[in-house]
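The values are calculated or read from the model by the stated rules, or taken from the named source; none is laboratory data. Computed from a predicted structure; not experimentally measured. All Cβ positions, glycine included, derive from the backbone under ideal geometry; neighbour counts span all protein chains shown.
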Amino acid sequence: MKALLSCAALAAALLLLPATAQADRIVARVSIATQTMHVYQDGMLLHEWPVSTARQGKITPTGEWRAQWLSRNHRSSRYNNAPMPYSIFYSGHYAIHGTDQISRLGRPASAGCVRLHPDNARVLFSMVQAEGTDNMRVVVVAN
């Protein structure tokens, strides 16, 4: 009887593994210190891109989130209708998105969002569209 219960518990645990693994199919890890993003799919590093996070006086929050929603041609309601192409919103009004200020990538320049080259933002956006927002995790670290 104990062996049967152990097998049942193991089988139940194995049924949960695909859902857990699936939840992290895409991970975008942003380093504020190095102003870079590493993009992983299924645990493999696919891309390393320069980003811009918050400039002095602004904040890019650190932590982990799931992607909440996507907006291909978003415009900022907070900053004079500024273009935010290929936006992936992950925490309230914070998003990963393309920028037209490409020359500022690699150093702090945003109001708090994570800015990417529009080509890179399009690649990440397409990945998340294909996998679904529930399968994407955003990790922002200070170092």
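Whether any residue in the stretch 53-62 is among the aliphatic types (A, V, I, L, M), under 22 Å from ASP24 (Cβ atoms) and modelled with pLDDT of 95 or more is what I want to check. Break it down into steps so the answer makes sense when it comes.
Keep residues of the stretch 53-62 that are among the aliphatic types (A, V, I, L, M), which gives 54, 59.
So of that shortlist, the ones also under 22 Å from ASP24 (Cβ atoms) come out as none.
Checked the stretch 53-62: no residue is among the aliphatic types (A, V, I, L, M), under 22 Å from ASP24 (Cβ atoms) and modelled with pLDDT of 95 or more.
Can you tell which of HIS97, HIS74 is touching a Pro at 6+ places or on another chain (Cβ under 8 Å), on the phi < 0 side of the Ramachandran plot and at pLDDT below 95? Even if it seems obvious, please write down each step before you answer.
On the way: HIS97 fails: at pLDDT below 95.
Step by step, each of HIS97, HIS74 is checked, and only HIS74 is touching a Pro at 6+ places or on another chain (Cβ under 8 Å), on the phi < 0 side of the Ramachandran plot and at pLDDT below 95.
Looking only at the stretch 57-66, count every residue that is outside any loop (DSSP other than H, G, I, E, B) and either without any contact (Cβ under 8 Å) to a residue 24 or more places away in the chain or of a type in the set (Gly, Ala, Ser) (or both) and tell me the total.
So the answer is 1.
Say whether the condition of being modelled with pLDDT of 95 or more, surrounded by 17 or more Cβ atoms within 10 Å (Cβ to Cβ) and among the small types (Gly, Ala, Ser) is met by at least one residue in the stretch 117-135.
yes
Filter the stretch 37-47 down to the residues that are within 12 Å of the chain's Cα centre (by Cα) and touching a residue at least 24 places away in the same chain (Cβ under 8 Å), then identify the one that is surrounded by the most Cβ atoms within 10 Å (Cβ to Cβ). Steps first, please.
We begin by selecting, within the stretch 37-47, every residue within 12 Å of the chain's Cα centre (by Cα); these are 37-41.
Retained after the next criterion (residues that are touching a residue at least 24 places away in the same chain (Cβ under 8 Å)): 37, 39, 41.
Numbers: MET37: 24, VAL39: 21, GLN41: 17.
Across the stretch 37-47, the extreme among qualifying residues is MET37.
Residues to consider are TYR79, TYR90, TYR86; find the one that is assigned to a loop (DSSP other than H, G, I, E, B) and aromatic (Phe, Trp, Tyr). Steps first, answer last, please.
Values: TYR90 fails: assigned to a loop (DSSP other than H, G, I, E, B); TYR86 fails: assigned to a loop (DSSP other than H, G, I, E, B).
Every option except TYR79 fails the conditions.
Restricted to the stretch 77-90, and to residues that are over 19 Å from VAL140 (Cβ atoms) and surrounded by 14 or more Cβ atoms within 10 Å (Cβ to Cβ), which residue is modelled with the lowest pLDDT?
This residue is ALA82.
Kindly evaluate PRO50 against the criterion of being of a type outside the set (A, V, I, L, M), buried (at least 16 other Cβ atoms within 10 Å of the Cβ), modelled with pLDDT of 95 or more and out of contact with any helix residue (DSSP H, G or I) (no Cβ under 8 Å at 6 or more places or on another chain).
Details: of a type outside the set (A, V, I, L, M): yes; buried (at least 16 other Cβ atoms within 10 Å of the Cβ): yes; modelled with pLDDT of 95 or more: yes; out of contact with any helix residue (DSSP H, G or I) (no Cβ under 8 Å at 6 or more places or on another chain): yes.
When the stated conditions are applied, PRO50 passes them.
Determine whether the stretch 40-47 contains at least one residue that is modelled with pLDDT of 95 or more and within 19 Å of SER91 (Cα to Cα). Give the derivation first.
Quick first cut of the stretch 40-47, residues modelled with pLDDT of 95 or more only: 40-47.
Pick out the ones that are also within 19 Å of SER91 (Cα to Cα) and you get none.
The answer is no; no qualifying residue exists.
Would you mind stating whether VAL123 is closer than 21 Å to VAL141 by Cα and not in a loop (DSSP other than H, G, I, E, B)? Don't jump to the end; show me each part of the working.
Details: closer than 21 Å to VAL141 by Cα: no; not in a loop (DSSP other than H, G, I, E, B): yes.
No, not satisfied.
Need pairs with beta-carbon distance below 9 Å; first residue more than 15 Å from LEU124 (Cα to Cα) and within the stretch 70-89, second among the polar types (S, T, N, Q); sequence gap 6+ or separate chains.
Taking only residues 6 or more apart or on different chains, the pairs are HIS74/SER87; ARG75/ASN81; ALA82/SER76; ALA82/THR99; PRO83/ASN73; PRO83/SER76; PRO83/THR99.
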